[in-house]
Amino acid sequence: MTLPQYTIRRSARARHVSLRVTPAKGVEVVIPRGFSITNVSQLVVEKRVWIEKQLMKQRDQVFQLRKAADELPDELVLPAIGETWRIKYQQSAAQSVRVDSRKGFRLTVRGNVADLDRVRVALRRWLTRQAREHLVTRLIYLGELHELSFAKATVRGQKTRWGSCSSRKTISVNYQLLFLESRLVDCVLLHELCHTRFLNHGPRFWKLLGTLVPDCRKLHRELRDGWQKIPAWVTANSGET
């Protein structure tokens, strides 16, 4: 029978023999003072099945981390607000994932970063917060500037629409606008603000929008191709439509 490779560490604080399997040290047997090293091999034999399961989990975790490194972004370039954020990933024992903002436009993603879905959800939540801070603020400014009032603003992540306006004057803004140029973003925001006056795409709507955005037709054609600028990970496994 071939046993997995292991190391032995004697600990003055240990009261019982313990087995540890970590990516850094592999299989480690921690023994207290007075425990005979000759008994370690028998312990490894008895725990062989458990050890192999743990080693398999470790290999899978390493694979997932490498996969995450290949598929997840190392930076977020947000032309809409003129910011580029560098991203650092830190694996921990936590199953959840959180994103912390640091000075110097740095993000730290902590937790179970091998779980790509959780990381994508956490990054989308962070983008949503940025959209509330920057895009909704811009929407309020443009609304006041052009005397086009709305009742409420929400942030979503639709796959097919940059924004929307309801009959109750609730404007929804897509956080993916952060990946577009500011001139396109303003066009979308003013488009939705014009819907607070004309809830259709009739002549009066286009006349109003044309006075605010003279090249609105050209910008709308650019917006149709704007989805190509959205990184693939942003919409992967996203339920928004």
(message) Of all residues being in contact with a strand residue (DSSP E or B) (Cβ under 8 Å, 6 or more places away or on another chain) and hydrophobic (A, V, I, L, M, F, W, C) in segment 13-34, which is nearest to GLN91 (Cα to Cα)? Just the residue, please.
(response) VAL21
(message) Can you find a residue that is crowded, with 18+ Cβ neighbours inside 10 Å and either over 30 Å from GLU71 (Cβ atoms) or not assigned by TED's automatic domain parsing to the domain that holds LEU78 (or both) anywhere in segment 173-180?
(response) no
(message) Condition check: at pLDDT 85 or above and more than 30 Å from LEU123 (Cβ to Cβ). Does ARG10 satisfy that?
(response) yes
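Table: residues versus (1) of a type in the set (Gly, Ala, Ser); (2) touching a Ser or Thr at 6+ places or on another chain (Cβ under 6 Å); (3) free of Cβ contacts under 8 Å to residues at least 40 places away in the same chain.
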{"residue": "PRO73", "(1), (2), (3)": "no, no, no"}
{"residue": "SER96", "(1), (2), (3)": "yes, no, yes"}
{"residue": "ASP115", "(1), (2), (3)": "no, no, no"}
{"residue": "THR154", "(1), (2), (3)": "no, yes, yes"}
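So is THR235 among the polar types (S, T, N, Q), touching a residue at least 12 places away in the same chain (Cβ under 8 Å) and farther than 21 Å from GLU144 by Cα or not?
Numbers: among the polar types (S, T, N, Q): yes; touching a residue at least 12 places away in the same chain (Cβ under 8 Å): yes; farther than 21 Å from GLU144 by Cα: yes.
Judged against the criteria, THR235 is a match.
Quick check, is HIS201 at pLDDT below 95 and either in a loop (DSSP other than H, G, I, E, B) or surrounded by 13 or more Cβ atoms within 10 Å (Cβ to Cβ) (or both)? Spell out how you get there, then give the answer.
On the way: at pLDDT below 95: yes; either in a loop (DSSP other than H, G, I, E, B) or surrounded by 13 or more Cβ atoms within 10 Å (Cβ to Cβ) (or both): yes.
Criteria met by HIS201.
The values are calculated or read from the model by the stated rules, or taken from the named source; none is laboratory data. Bear in mind that the values here come from a model prediction, so they are computed numbers and not experimental data. Ideal geometry is used to build each Cβ from the backbone, glycine not excepted, and the neighbour counts take in all protein chains shown.
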